[in-house]
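If you scroll down you'll find the structure; I have some questions about it.
The values are calculated or read from the model by the stated rules, or taken from the named source; none is laboratory data. From a predicted model like this one, the values you see are computed outputs, not experimental measurements. Neighbour counts run over all protein chains shown; Cβ positions are idealised from the backbone, glycine included. Side chains are part of the model used for accessible areas, which takes the heavy atoms of the whole protein and leaves out ligands, DNA and RNA. Shrake-Rupley method; radii C 1.70, N 1.55, O 1.52, S 1.80 Å.
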Amino acid sequence: GAGGSKLARNSLFCPVVGVVVPGGMDGVGGAAAPGLTYMAGLGGQVISPADGTVLFAGPYHKSGQVLILEMADGYDAVLAGLDHLDVRPDDQVLAGEPVGTMSKTRQQPRLYFELRQNGRALNPAPFIMVALRKAKRT
């Protein structure tokens, strides 16, 4: 991509249906991690937040199944905590395409989502479509 190009606001899909809680998970940055952790439903479907190419798909430390997606403009998306992955490295995925599922048995499955650019971890919240915005009372 062109140098200095930025990810557009509201350009990413929310990867799973769930309530966002602050911080990360064991094995991916811990409580101080900059990303978002979703309290997902049992067996919840996880979708790709953006078009991209799968860089990594498999188990990682204590984080369950981890998916790393190479997106445009030098950004990578990291999704951790899945129970089952439906994609493999080098697969091309489209935004909104199912990539895996959460555990059907574990108490309160959690999905961790962060962006990386040049090795720096970033909070994806500003880039996720309006679902995260709370309605403001006027």
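So residue 16 passes all but one of these: (1) at pLDDT 95 or above; (2) over 13 Å from the mean Cα position of the chain (by Cα); (3) among the hydrophobic types (A, V, I, L, M, F, W, C); (4) under 19 Å from residue 122 (Cα atoms). Which condition number does it fail?
Residue 16 satisfies all of (1) at pLDDT 95 or above; (2) over 13 Å from the mean Cα position of the chain (by Cα); (3) among the hydrophobic types (A, V, I, L, M, F, W, C); (4) under 19 Å from residue 122 (Cα atoms) except (2).
What is the one condition in (1) open to solvent by 30 Å² or more (accessible area, probe 1.4 Å); (2) in contact (Cβ under 8 Å) with a residue 40 or more places away in the chain; (3) aliphatic (A, V, I, L, M) that residue 17 does not satisfy?
That leaves (2) as the condition not met.
Confirm whether residue 86 is closer than 16 Å to residue 35 by Cβ, modelled with pLDDT of 95 or more and either out of contact with any strand residue (DSSP E or B) (no Cβ under 7 Å at 6 or more places or on another chain) or not hydrophobic (A, V, I, L, M, F, W, C) (or both).
Against the criterion (closer than 16 Å to residue 35 by Cβ, modelled with pLDDT of 95 or more and either out of contact with any strand residue (DSSP E or B) (no Cβ under 7 Å at 6 or more places or on another chain) or not hydrophobic (A, V, I, L, M, F, W, C) (or both)), residue 86 does not qualify.
Follow-up question, since we're still on this one. Being surrounded by fewer than 22 Cβ atoms within 10 Å (Cβ to Cβ), farther than 17 Å from residue 128 by Cβ, of a type outside the set (Asp, Glu) and in contact (Cβ under 8 Å) with a residue 12 or more places away in the chain narrows it down to one residue among 88, 9, 116; which is it?
88
I'd like to know if segment 122-137 contains one or more residues that are over 24 Å from residue 22 (Cα atoms), surrounded by fewer than 18 Cβ atoms within 10 Å (Cβ to Cβ), of a type outside the set (S, T, N, Q) and under 15 Å from the mean Cα position of the chain (by Cα).
Within segment 122-137 (the criterion being over 24 Å from residue 22 (Cα atoms), surrounded by fewer than 18 Cβ atoms within 10 Å (Cβ to Cβ), of a type outside the set (S, T, N, Q) and under 15 Å from the mean Cα position of the chain (by Cα)), the answer is no, since none of the residues qualifies.
Being crowded, with 20+ Cβ neighbours inside 10 Å and touching a Leu at 6+ places or on another chain (Cβ under 9 Å) is true for just one of 34, 49. Which residue is that?
49 is the lone residue from the list that is crowded, with 20+ Cβ neighbours inside 10 Å and touching a Leu at 6+ places or on another chain (Cβ under 9 Å).
Within segment 21-31, how many residues are part of a strand (DSSP E or B) and loosely packed, with under 15 Cβ neighbours inside 10 Å?
Here the count works out to 2.
Here's a follow-up. Looking at residue 81, is it buried (at least 23 other Cβ atoms within 10 Å of the Cβ) and on the phi > 0 side of the Ramachandran plot?
So residue 81 fits the description; yes.
Right, here's the next one. For segment 110-128, which residues satisfy the criterion of being assigned to a loop (DSSP other than H, G, I, E, B) and either modelled with pLDDT under 90 or in contact with a helix residue (DSSP H, G or I) (Cβ under 9 Å, 6 or more places away or on another chain) (or both)?
118, 119
Condition check: at pLDDT 95 or above, in contact with a strand residue (DSSP E or B) (Cβ under 6 Å, 6 or more places away or on another chain) and outside any strand (DSSP E or B). Does residue 57 satisfy that?
no
Looking at segment 60-85, which of the residues that are part of a strand (DSSP E or B) and touching a residue at least 60 places away in the same chain (Cβ under 8 Å) is farthest from residue 122 (Cα to Cα)?
Filtering first and then ranking leaves 79.
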